[in-house]
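Scroll down for the structure; my scribbles are underneath it.
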Amino acid sequence: MSTSFTDDHGGQRLHVIVTGGAGFIGSNVSAAFLRDGQRVTIFDSLVRPGSERNLEWLQSLATPGSLRFVRGDIRDADAVRAVVADRDVEIVFHFAAQTAVTYSLAQPREDLQVNLCGTHNVLEAVRASKAPIPPMLFFTSTNKVYGALERRLTVESATRFRFSNADVDARGIDESEPLDFHSPYGCSKGAADQYVHDYARLYGLRTVVFRMSCIYGPRQFGNEDQGWVAHFMRAIVENQPLTIYGNGKQVRDLLYIDDLVRAFKLAALRIEKTAGSVYNIGGGPTNTVSIWQELRPRLECLAGRPLHARLSDWRPGDQPIYVSDTSRAQRDFGWVPRIGIDEGLESLWAWAGVLAGRARTNGHIPGLRGSGTDVLQPRVTQADPVT
Ligand SMILES: NC(=O)c1ccc[n+]([C@@H]2O[C@H](COP(=O)([O-])OP(=O)(O)OC[C@H]3O[C@@H](n4cnc5c(N)ncnc54)[C@H](O)[C@@H]3O)[C@@H](O)[C@H]2O)c1
């Protein structure tokens, strides 16, 4: 299926708002819409280290008039409403968030205000929209809303945990899994997830919730507690020590950012079907890895040397295994992940090299896919390769 909106809009440019648009996911989504020739407004406080760099990158991609940046805080209801109020806004991607579990434990009230009250500001702004049909709203929730999955029994093998139930092990966790919020971050994102879902029922808004597991790819800066794969790679290229919490057999499904961008586009194109729905989005059963016992050999291959990590205590609420069952997304909007772990890791490794200043080639970075390829040479691109 095509992921282009241009045909459906008679050649008119869409206006897309991206809160948190200078972050990892936001900058990749913004770049994809800019490359499609659409108009993008980014609303971001630039609090995340690296976000200014992402914004500069987007500015270098944009044609005149296609990108607007509004610096603001998602907790400021008036500022959010002013941005969303434009009659021509058709899609709002709400990514701005406090994303670190550790920070949420230290500053639970701030986490609540940014993640829950900030999301409520976005919902109310969409509800107050002057557009004939209020814009679609996409919200990025998290697999952490399912808690530690304590009722799911697991078995431990030499390198990984597995679900004891063969069906669940084959398919992963679907959206009927009971909610069980852990940590202030889990609570604030989980409550926001429920508000976004309920506003579709209460007010008929076209909202869509993606409950996402581990997303990885270029424009991620590898800060601890946000993007652990990128964090590992950054530590490796910078020769910094690595700490693994638990025994390293915890399993996660990894989703490469280009696959996520394609999921957003497909879900938006099928909004009659997807509005009011919640989707588990991740790499699924074919893209799983245990976080150290199985990832380590792959990283050693990329680094070309043996790697070591210090094992530390389990973190409270850590899931021994989480794998997304993405069959609802496949059924409703025809999406399956396409980029396998080896290809994705190679691309992220190339990006980590760029960050470390090692890969200063003339525009071409071996191994780096799609959205990151123009990191060194600002240029205007015409077509989105993500179709
Ligand atoms: N990356 C993942 O693996 C993952 C997994 C599940 C859910 N999510 C969710 O996806 C969204 C995007 O995640 P990301 O990885 O791109 O994070 P990120 O930290 O890279 O991006 C978040 C952006 O929001 C901005 N921001 C933070 N607080 C703000 C505030 N108060 N007002 C305005 N802007 C603010 C930051 O400056 C940053 O640019 C988040 O909602 C996160 O909870 C991400």
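Numbers below:
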quantity	calculated
Förster radius 22 Å - calculated FRET efficiency between Val336 and Arg298, Cβ distance, rounded to 0.05	0.50
Amide H partners (placed H, <5 Å) of Phe69, local residues excluded	Ile42
Farthest toward positive dipole pole in the range 7-372 [+1 Lys/Arg, -1 Asp/Glu at C-beta], among Val145, Ser164, Ala131	Ala131
Label-point gap, in nm, between Ala85 and Lys130 - each point 7 angstrom along Cα→Cβ	0.7 nm
Label-point separation in nm, Leu105 to Asp174, each point 7 Å along Cα→Cβ	3.4 nm
Sparse-neighbour loop sites [trypsin sites (Lys or Arg not before Pro); the range 1-110; at most 13 other C-beta within 10 Å; DSSP]	Arg87
Sites Cys117 and Gln59 - FRET efficiency at Förster radius 30 Å, r taken between beta-carbons, to 0.05	0.50
Using a Förster distance of 22 Å, the FRET efficiency for Asp167-Leu202 (Cβ separation, nearest 0.05)	0.05
Net charge of Cβ neighbours under 15 Å - reference Pro316; Lys, Arg +1; Asp, Glu -1	-3
Cα gyration tensor shape of the range 1-117, rounded if a/c is under 1.5, else prolate or oblate by comparing a/b with b/c	prolate
Hits among lysines - C-alpha to C-alpha of Lys265 under 29 Å, sequence gap 8 or more where chains match	Lys130, Lys144, Lys189, Lys273
Structure-based [θ]222 nm, the chain - -39500 (n - 2.57) summed over DSSP H runs of at least 4, per residue, nearest 500	-10500 deg cm²/dmol
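Rule-based calculations on the coordinates, nothing more; no lab input. All figures in this text were calculated on a predicted structure; none of them were measured in a lab. Quick reminder, even Gly has a Cβ in these numbers, built from the backbone with ideal geometry, and neighbours come from all protein chains shown.
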